[in-house]
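To keep things clear, I will list the structure first and then write my remarks on it.
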Amino acid sequence: MAPKSDPARRVVADNRKARFNYEITDTVEAGIALTGTEVKSLRGGKATIGEAYAGPSGNEFFLFNAYIPEYLEANRFNHETKRPRRLLLHRRQINKFLGATQREGYTVIPLKIYFNERGRAKVELGLGRGKKLHDKRETAKERDWQRDRARLMRDKG
């Protein structure tokens, strides 16, 4: 995972709840097929991927339910805000995701949408399994303890 201050990756949309609701086991960077108005709208930084998920359609993977707002200057040539967008993955990655989602009960969750150093829009996909309520409580307890421990160490030292 890249550091937060990486100038090459300008994050446009971040799914912060994903790591709380899912146990992420693997991450993959994927390209995304966008129209011109979608790219311009993404550069404005208003996209949301909170309810988005990735899934198969035929023998390709698509990003469903991701909201990219209309580009205001495009008038009638605008795009649909929640249309399915094709993900650009290698065949081996598609087969891996298909196997995990069909046989093992995993879900493919978009974690981030960002622009890489070449100016291309990319999606960071996570392969995860949904957490139960007690797992979420354990995660919150661990996070609180880490915060308190850091506070104690800072005060002592």
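The values are calculated or read from the model by the stated rules, or taken from the named source; none is laboratory data. The structure displayed is predicted, hence computed values, not measured ones. Neighbour counts run over all protein chains shown; Cβ positions are idealised from the backbone, glycine included. In case anyone asks, the SASA skips ligands and DNA or RNA and just uses the protein heavy atoms, side chains included. Shrake-Rupley method; radii C 1.70, N 1.55, O 1.52, S 1.80 Å.
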Within 10 Å, count the other beta carbons around each residue, average over each peptide in 51-62, 133-144, and list them highest first. 51-62, 133-144
Nearest 500 deg cm²/dmol is fine: what mean residue ellipticity at 222 nm does the chain get from its DSSP H runs of n ≥ 4 alone, each adding -39,500 (n - 2.57), divided by its residue count? -10000 deg cm²/dmol
Point-charge dipole on Cβ atoms (K/R +1, D/E -1) for the chain, about Cα centre, debye to 20: 280 debye
accessible surface per residue for the stretch 42-112, probe 1.4 Å, DNA/RNA/ligands not counted, whole Å² -> 60 Å²
When the C-alpha atoms of the chain are aligned to their principal axes, what extent does each axis show, in angstrom, from largest down? 60, 39, 26
In whole percent, and with a 1.4 Å probe on the protein chains, what portion of the accessible area of the stretch 20-66 is carbon and sulfur? 47 percent
With a Förster distance of 30 angstrom and the Cβ-Cβ distance between His134 and Arg86, calculated FRET efficiency to the nearest 0.05 equals 0.20
The stretch 91-157 - percent of accessible surface contributed by carbon and sulfur, probe 1.4 Å: 47 percent
